[in-house]
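Visitor: Shown below is the structure under consideration.
The values are calculated or read from the model by the stated rules, or taken from the named source; none is laboratory data. It should be emphasised that the depicted structure is a prediction, and the values quoted were computed from it without experimental measurement. Because the Cβ atoms are built from the backbone with ideal geometry, glycine has one as well, and the counts that use them run over all protein chains shown.
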Amino acid sequence: MPARDLPRPQRIVVVGGVATGMSAAARARRLDESAQIVVLERGEHVSFAGCGLPYHVGGEIETADALLVQTPATLAASLNLDVRPHHDVIALDADARTVTARTPGGEVTVGYDALVLAPGARAVRPPIPGLDSPRVRTLRTVPDAVTLRSWVDDGARRAVVLGAGFIGLEAAEQLAAAGLDVALVELAEHVLPPLEPEMASLVTAELERLGVAVHAGTGATAVVPGEGCDVVELSDGTRLPADLVVLSVGVRPDAAVFEAAGVATQHGAIVVDEHGRTNLPGIWAGGDAVVSTDSVTGVLRPVPLAGPANRAGRLIADAIVRPETARPIPPALGTAIVRVGDLAAGITGANRAALAAAGIPHHTIHLHPAQHAGWFPGATQVHLVVHFGHDGRILGAQAVGADGVDKRLDVLATAMRGGLAVDDLIDLDLAYAPPFGAAKDPVNLAGMAAANVLDGTLTVWHAADLDSVLATSLVLDVRTRAEVARGLLPGALHIPHTELRGRLDEVRAAAAGRPVAVMCQSGVRSHIAHRILVGAGIDSASLSGGMLTLLATPGAAARLAAPARDEARAGARDGARDGEAA
């Protein structure tokens, strides 16, 4: 580059390290060797793996040092960054272009030409009496993780985790793996609230298998300190003894200082444009403290996830140093995944509640295919939900399973970012060999099922609507006799799908003019039966996801007695076996 085209020297000040802040500082240095770049971080550690904190608590990550990605010394040596820990920014003067920070040595004022605000978020502390107990700890920083780990090592035996979001689930899993008796408390009706209820129930079952006592639909009303332990009191009257309490009920943007200085906010989060610019000149912001536009619903909300935060930092640096070629920060999909025992659970895009709140009409399909060829050893099911618009736009997806969940979510998130329609999933040329996938991958199958819904080949009914279906329709169960022996819905007519063509008069007589709601174990054979019925002129619909989804749907599963539910779950394998029939 000719000397006259070099960016002018400037001082870039970054408030906050870790994801957005350090990504912005590092990228700015790579683009401009002449700039002075200062990072002000309130804590001790400026670059650490926040997502790894729960795994140190449980001992899966043995040393806290493994969580430290960079130090001020390494950043100075490799990138010539002036990194200043223990600098808590307490004031901004946008007219004078200065920030003031509180440090162990007193207050200091730092001037800037360009300012990047990446203060992150603070843990929510609800007004619950007793949260100031020394046995209560959040899990946001390396010292938090070190303290909790020390309590485990010192003999803590009982733990209560308040909040069953991603961090809460990881903390509960790790504490249980460390041998503690763990109670997990969630105010929402089910764990991991962004998941659909029929997916969250699978996670709850795995938590219970790990020995975690799940208390959903109730919240903590008080933490009562005691000499030997604390007691967490719940709104349903339950009292939980605790040697340690992990507070993980959510986060809120940490933007009050900058809001007071005139930075525009919405519901406490900083408002930025597509390049991260705030309303004040020379000031950008990104990460957990900013409001993002949901790529599906258009709703403005914070997205406290590491991936978007890191990418935003890079793009903000581009906007500062190379504004003429800077790419915009894309709207967030909110793709996230968590491991719970032997399962993984993840989400991308919107769920049903978000779509309903935004008034977006949509279809939903459930599938339970195997993660690789069903006839190859080790096949396990990927429980998959896909939401899509009447125009075929993919609106969201969720997956739960023992293997292959991340792969399918990543493909679906990529398809959404690329603007593919749901029926385009049919044509994705994905890697196939028996140990890795199937000739028709679960993503391909999702496209096929969705295309069938869009063109009218398949009409579905949902387990959540079971009561109204039982009241207005004939339920036709087309599973085998052995499967039905494990559990049959009251009042359902049983005809194996291989016998249906010869027994259509029996269906007509039982239906007596009512629609026929067909079901099988996973939705594959009921689709075949649905096509037979439609061909015979009978009004029909197929249960999305079959008995597997019904058993996982709160309320609907109660239609079967407990022994029947257990037997039905034990025999739930036709989704893996028949997955290529869509």
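Visitor: Out of (1) buried (at least 20 other Cβ atoms within 10 Å of the Cβ); (2) under 36 Å from the mean Cα position of the chain (by Cα); (3) not basic (Lys, Arg), the odd one out for Gly555 is which?
Guide: Condition not satisfied by Gly555: (1).
Visitor: Check region 182-198 and report whether any residue there is touching a strand residue (DSSP E or B) at 6+ places or on another chain (Cβ under 9 Å) and at positive phi.
Guide: yes
Visitor: Looking at region 59-83, I want the residues that are under 30 Å from Ala178 (Cα atoms) and surrounded by 12 or more Cβ atoms within 10 Å (Cβ to Cβ) and have a partner that is modelled with pLDDT of 90 or more and of a type in the set (Asp, Glu) with Cβ atoms under 9 Å, at least 6 apart or on another chain. Which pairs are those?
Guide: Final answer for the pair search is Gly59/Asp153.
Visitor: Against the condition in contact with a Cys (Cβ under 9 Å, 6 or more places away or on another chain), modelled with pLDDT of 95 or more and part of a loop (DSSP other than H, G, I, E, B), how does Arg479 come out, does it pass?
Guide: yes
Every residue, every condition in (1) part of a loop (DSSP other than H, G, I, E, B); (2) without any contact (Cβ under 8 Å) to a residue 24 or more places away in the chain, yes or no:
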residue	(1), (2)
Ala373	yes, no
Val382	no, no
Val385	no, no
Gly396	no, no
Val400	no, no
Asp403	yes, no
Arg408	no, no
Thr414	no, yes
Gly419	yes, yes
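Visitor: Just one of the numbered conditions (1) under 18 Å from the mean Cα position of the chain (by Cα); (2) buried (at least 22 other Cβ atoms within 10 Å of the Cβ) is not true of Ile337; which one?
Guide: (2) is the only condition that Ile337 fails.
Visitor: Give region 115-149 a look and list any residue that's in contact (Cβ under 8 Å) with a residue 40 or more places away in the chain, in a helix (DSSP H, G or I) and touching a strand residue (DSSP E or B) at 6+ places or on another chain (Cβ under 8 Å), or say none.
Guide: Matches in region 115-149: Val142, Asp144, Leu148.
Let's see how each residue does on (1) of a type in the set (D, E, K, R); (2) buried (at least 20 other Cβ atoms within 10 Å of the Cβ):
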| position | (1), (2) |
| --- | --- |
| Leu474 | no, yes |
| Ala492 | no, no |
| His497 | no, yes |
| Arg503 | yes, no |
| Pro515 | no, no |
| Gly523 | no, yes |
| His530 | no, yes |
| Ser542 | no, yes |
| Gly546 | no, yes |
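Visitor: Of (1) more than 18 Å from the chain's Cα centre (by Cα); (2) touching a residue at least 60 places away in the same chain (Cβ under 8 Å); (3) farther than 30 Å from Val411 by Cβ, Val271 satisfies all except one. Which?
Guide: (2)
Visitor: Can you go through Ala91, Ala28, Ala24 and tell me which one is at pLDDT 95 or above, surrounded by fewer than 16 Cβ atoms within 10 Å (Cβ to Cβ), farther than 30 Å from Ala159 by Cβ and assigned by TED's automatic domain parsing to the domain that holds Tyr112?
Guide: Ala91
Visitor: For Val296, which of the numbered conditions (1) under 27 Å from Gln521 (Cβ atoms); (2) in contact with a strand residue (DSSP E or B) (Cβ under 7 Å, 6 or more places away or on another chain); (3) surrounded by 24 or more Cβ atoms within 10 Å (Cβ to Cβ) fails to hold?
Guide: Among (1) under 27 Å from Gln521 (Cβ atoms); (2) in contact with a strand residue (DSSP E or B) (Cβ under 7 Å, 6 or more places away or on another chain); (3) surrounded by 24 or more Cβ atoms within 10 Å (Cβ to Cβ), Val296 violates only (1).
Visitor: Then there's this: Can you name every residue in region 283-294 that is in a strand (DSSP E or B) and either at pLDDT below 95 or not assigned by TED's automatic domain parsing to the domain that holds Gly262 (or both)?
Guide: Ser292, Thr293, Asp294
Visitor: Of the residues Val245, Val223, Val231, Val303, which single one is free of Cβ contacts under 8 Å to residues at least 40 places away in the same chain, part of a strand (DSSP E or B) and either not assigned by TED's automatic domain parsing to the domain that holds Gly389 or not polar (S, T, N, Q) (or both)?
Guide: Val231
Visitor: I've got another one for you. From the list Leu280, Leu240, which one is in contact with a Leu (Cβ under 9 Å, 6 or more places away or on another chain), outside any strand (DSSP E or B) and either aliphatic (A, V, I, L, M) or within 20 Å of Gly334 (Cβ to Cβ) (or both)?
Guide: So the residue among Leu280, Leu240 that is in contact with a Leu (Cβ under 9 Å, 6 or more places away or on another chain), outside any strand (DSSP E or B) and either aliphatic (A, V, I, L, M) or within 20 Å of Gly334 (Cβ to Cβ) (or both) is Leu280.
Visitor: Now a separate question. I'm trying to understand the selection: among the residues of region 227-268, which are of a type in the set (Asp, Glu) and more than 25 Å from the chain's Cα centre (by Cα)?
Guide: The answer is Glu227, Asp230, Glu233, Asp236, Asp243, Glu259.
Visitor: Which of the residues that make up region 311-370 are β-branched (Val, Ile, Thr) and assigned to a helix (DSSP H, G or I)?
Guide: Ile316, Ile320, Val321
Visitor: Now for a different question. With the requirement that a residue be part of a helix (DSSP H, G or I), closer than 19 Å to Ile394 by Cβ and touching a helix residue (DSSP H, G or I) at 6+ places or on another chain (Cβ under 6 Å), what does region 447-473 give you?
Guide: Gly447, Met448, Ala450, Ala451
Visitor: Looking at the structure I just gave you, is Arg252 surrounded by fewer than 17 Cβ atoms within 10 Å (Cβ to Cβ) and either closer than 30 Å to Val291 by Cβ or not small (Gly, Ala, Ser) (or both)?
Guide: Against the criterion (surrounded by fewer than 17 Cβ atoms within 10 Å (Cβ to Cβ) and either closer than 30 Å to Val291 by Cβ or not small (Gly, Ala, Ser) (or both)), Arg252 does not qualify.
Visitor: Pick from Ala156, Ala123: which is of a type in the set (A, V, I, L, M, F, W, C) and closer than 25 Å to Gly228 by Cβ?
Guide: Ala156
Visitor: So Leu315 passes all but one of these: (1) farther than 30 Å from Thr380 by Cβ; (2) surrounded by fewer than 18 Cβ atoms within 10 Å (Cβ to Cβ). Which condition number does it fail?
Guide: Here Leu315 meets the rest and fails (2).
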